Amino acid sequence: MLLLVVDMQKGLFTEDTPRHDAGGVVQRINLLISTFRQAGHPVMFIQHDEPENNALAPHTPGWEILDSLDRQPDDPIVRKQACDAFLDTGLADTIHDMGETRVVITGCATDFCVDTTVRSAAAKGFSVTVARDAHTTADRPHLDAVSIITHHNWSWENLTLPGEQHIRVIDTDEIARGI
């Protein structure tokens, strides 16, 4: 089992880009990170690269992973340039090379990179669990963040996938207890 932490970068958590329950989400992701490490399971960070002069331009302050996350120097990082962490990154091969088939997904933003990564992981045949309360987004012009998060949690649980495959959406505490 592998924990994926998607796009928890400083440039996405500013006064101009407030995220729903950011402190609580970071706390819950850190709980999962600690639990995964204690159980000997890997933790991987996904980092979004944007072009120069953007908030997530590589090697700028906004591009860095949040200091409040318990990231260790040996935690692998996969860099991406699209919402889908699997697109043109080698992430699937890396996960297979690690001998993993199950992923737990957390991060930012629910309606963009988290959603696309969840769906892509399922399409690639991974067993996917989403930490229901460990992903976040911002209010959008047409919908508030809580509604977006609630909608995506429901949507992921109800996706039609082949065979017996399904996406599990589970609270962080329950995931931690099951590891």
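Between a residue in the range 146-158 that is of a type in the set (A, V, I, L, M) and any residue that is in a helix (DSSP H, G or I), which pairs come within a Cβ distance under 8 Å, given they are 6 or more apart or on different chains?
What qualifies is ILE148/THR110; ILE148/ASP111; ILE149/THR110.
Checking GLN72 against (1) within 20 Å of ILE33 (Cα to Cα); (2) outside any helix (DSSP H, G or I); (3) touching a residue at least 40 places away in the same chain (Cβ under 8 Å), which test does it fail?
(3) is the only condition that GLN72 fails.
Among the candidates THR172, THR160, THR150, which residue alone is farther than 16 Å from ALA85 by Cβ and touching a Lys or Arg at 6+ places or on another chain (Cβ under 7 Å)? Before the answer, list the steps.
Values: THR160 fails: touching a Lys or Arg at 6+ places or on another chain (Cβ under 7 Å); THR150 fails: touching a Lys or Arg at 6+ places or on another chain (Cβ under 7 Å).
Of the residues listed, the single one that is farther than 16 Å from ALA85 by Cβ and touching a Lys or Arg at 6+ places or on another chain (Cβ under 7 Å) is THR172.
Contact list please: Cβ distance under 7 Å, first residue in the range 1-18 and modelled with pLDDT of 95 or more, second residue among the acidic types (Asp, Glu) and open to solvent by 10 Å² or more (accessible area, probe 1.4 Å), pairs at least six apart or on different chains.
From residues that are modelled with pLDDT of 95 or more, the pairs are MET1/GLU100; LEU2/GLU100; GLN9/GLU64; LYS10/GLU64.
VAL130 versus (1) surrounded by fewer than 16 Cβ atoms within 10 Å (Cβ to Cβ); (2) under 13 Å from the mean Cα position of the chain (by Cα): which is the lone unmet condition?
For VAL130, the exception is condition (1).
If I filter the range 54-95 down to residues being over 13 Å from the mean Cα position of the chain (by Cα) and β-branched (Val, Ile, Thr), which single residue comes out as least open to solvent (accessible area, probe 1.4 Å)?
ILE95
The values are calculated or read from the model by the stated rules, or taken from the named source; none is laboratory data. No experiment lies behind these values; they were computed from the predicted model shown. Virtual Cβ from ideal backbone geometry, glycine too; neighbours counted across all protein chains shown. The area values use the complete protein model at the heavy-atom level, side chains included, leaving out ligands, DNA and RNA. Shrake-Rupley method; radii C 1.70, N 1.55, O 1.52, S 1.80 Å.
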